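Below is one structure, written out as structure tokens, with a few remarks after it.
Rule-based calculations on the coordinates, nothing more; no lab input. Worth saying up front: this structure is predicted, and the values here are computed from it rather than measured. Here the Cβ is made from the backbone with ideal geometry for all residues, glycine too, and neighbour counts use every protein chain on show.
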Amino acid sequence: MPGLTQAPGSVSQGDAYMTVGESRRMAEARISRTNSTAGRLFAFDVCSDTNILSEGEIHVWQLDLRNGEWDGFSSVLSRDEHEKTNRFRYARLRENFSRMRIGVRLILSRYLDASADRIQFSYTEAGKPSMAGSRVFFNVSHSNDIGLIAVALCPVGVDVELITDLKSEGTGIVAMVCHETERTELDMLSTVERSRLFYQLWTRKEAFCKAVGIGLQYAIADLFFQKQCLPLLYQVCDTRYGRLPYYVHDLACPLGYAGSVCAPFRPAAIRWFDGSLRAGSEDGSANLKEGGNF
């Protein structure tokens, strides 16, 4: 959180700090608890330090929602989440929702001293989820078969969108979403480039709204972005209020997608992790793939 100082090589937990070694031992204990609740082992790579969040750092996890391996961990879901899953009419929507929620629980358990099935969520009036009493903040987004989870020590927002062709009917939504300078820039581009830039702008604005916690009630056409010296980093600006104390970072999403993450600080580092499941060991375990920095 802003103002929180943290010793190098340590991870915050409650009011205490743990060394890297202590955090790994905590992760090992968490694995055992998850094994008993999920029915089979979700084996984390405890030799890595991916569960350690530093001040000024954002972790972004990418999930492949096509992977049916997620379904094997549905026991970590709450009764309410199971009920919400069953309300979807189409199988693909049910699968994407369920797998996203499973991924959120399993990944957040890496940062908390709690098994995945015991994490308690609360929601704002705008629907933004949080974990009461935790210093860890997160946000989620999914589009088509891709899911993103952003984790930080302060409020954070993330958005991902499948890029589609705006065509002529996109004129109305462009006017509703884009600042006048953005509309001018879009008019100068080819159809393909126009669609790509529009969805990048859309994800920046939605990530900002989610970081603030107000959803798309904000007058997003008044928002525009001032490029910073760091690549892919922009400060959020508003026609009415000038520069705002929020920064968005474009994400290197898979081909055909646009994504952004937003926080009330200039990120010192954005670490990317592949949250897709990969084949486990002979005992039926599964592992998370992991990546590096943006």
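Here are the numbers:
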| read-out | value |
| --- | --- |
| Label zone at THR164, where the point sits 7 Å out along the Cα-to-Cβ direction: the stretch 183-222 residues whose backbone N lies under 20 Å | 191-207, 216 |
| Cα-based reach from LYS227 at 20 Å (exclusive), listing lysines while leaving out same-chain residues under 8 positions away | LYS205 |
| Ranking of HIS249, HIS179 by count of other Cβ atoms within 10 Å, fewest first | HIS179, HIS249 |
| Isotropic mean projected area of the C-alpha convex hull, the stretch 131-205 (nm²) | 6.2 nm² |
| Surface/4 estimate of mean projected area, convex hull on alpha-carbon atoms of the stretch 156-264, nm² | 6.5 nm² |
| Surface/4 of the Cα convex hull for the stretch 86-159, nm² | 5.4 nm² |
| Whole-angstrom gap from the stretch 70-119 to the stretch 161-188, using each part's C-alpha centre | 34 Å |
